[in-house]
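Structure first, commentary second.
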Amino acid sequence: MRVSESLKQLDLSLVAVAGPFGAYVPAKRVGNLVFVAGQLPVREATLIATGQVPSRCSVDLAREAARQCVINAVAAVQVLPGGVDQLTGVARVGAFISSDTDFTEQPKVADAASELLKQLFGEAGEHARTAIGVNTLPRNASVEIEVVFEAK
């Protein structure tokens, strides 16, 4: 199934991704891989989760934020030639979670991103992943997700 069809089936829509906020591009294709720069949980021009997990942002909200980051990562690809339907799978996900010093459930937050990718791509959505706790993220976001997609 094409990505655009999976998005429609899941009732997800893509909007233009804000940024870049520096000297980089949001997405770049190299061979059969599409590298997407770290995406923040922005929805309707608003950051939906800020601060450290879990003291200032609940684990549930951080999981929702991780899902939004994935939606934004897919949206970043739509401006490339071939758009989102060139995507055939997921190779790697990097999840960065702004965390309190004693918080150790970063994988639980990252799982929300991984689960959505599996819904979008089926078996081809299975991927390698890193889930890292950090003390702060750009714009005080609670979560940032980067993705390496496979493309046809």
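One table, with the values for the structure above:
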{"quantity": "The stretch 56-94 residues near the modelled LEU47 label - backbone nitrogen below 19 Å, point 7 Å along Cα→Cβ", "calculated": "56-73"}
{"quantity": "Cβ-derived FRET efficiency at R0 22 Å, VAL15 paired with GLU115, nearest 0.05", "calculated": "0.50"}
{"quantity": "For the chain: relative contact order, % (alpha-carbon pairs under 8 angstrom, 6 or more apart)", "calculated": "34 percent"}
{"quantity": "Principal axis dimensions, largest first and in whole angstrom, of the stretch 1-93 by Cα", "calculated": "41, 35, 24"}
{"quantity": "Karplus-derived 3J(HN,Hα), 6.51/-1.76/1.60, for each residue of the stretch 21-32, Hz, glycine and proline x", "calculated": "9, x, 8, 7, 10, x, 8, 8, 8, 9, x, 9"}
{"quantity": "Whole-number percent relative contact order across the stretch 1-90, with pairs defined as alpha carbons under 8 Å at least 6 apart", "calculated": "35 percent"}
{"quantity": "Carbon/sulfur fraction of accessible area - the chain, other protein chains in place, 1.4 Å, %", "calculated": "51 percent"}
{"quantity": "Hz values of 3J(HN,Hα) by residue in the stretch 140-152 - Karplus curve (6.51, -1.76, 1.60), Gly and Pro given as x", "calculated": "6, 5, 7, 9, 9, 10, 10, 9, 10, 9, 8, 9, 8"}
{"quantity": "Using a Förster distance of 35 Å, the FRET efficiency for ALA23-ASN140 (Cβ separation, nearest 0.05)", "calculated": "0.95"}
{"quantity": "Lysine pairs within the chain, Cα separation less than 21 Å, 8 or more sequence positions apart or different chains", "calculated": "5"}
{"quantity": "Long-range HN-HN contacts of ARG129 with modeled amide H, under 5 Å", "calculated": "VAL93"}
{"quantity": "Degrees between helix 59-77 axis and first principal axis of the chain (Cα, 0 to 90, nearest 10)", "calculated": "30 degrees"}
{"quantity": "Backbone HN-Hα couplings from phi across the stretch 113-129 [Karplus 6.51/-1.76/1.60, Hz, Gly and Pro as x]", "calculated": "5, 4, 5, 5, 4, 5, 5, 6, 10, x, 4, 5, x, 5, 8, 7, 8"}
{"quantity": "Kirkwood Rh (inverse of mean 1/r, distinct Cα pairs), the stretch 47-140, angstrom", "calculated": "13.8 Å"}
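The values are calculated or read from the model by the stated rules, or taken from the named source; none is laboratory data. All values reported here derive from a predicted model rather than from experimental measurement. Cβ atoms come from the backbone with ideal geometry, glycine included; neighbour counts cover every protein chain shown. With ligands, DNA and RNA removed, areas are computed over all heavy atoms of the protein, side chains included. Shrake-Rupley method; radii C 1.70, N 1.55, O 1.52, S 1.80 Å.
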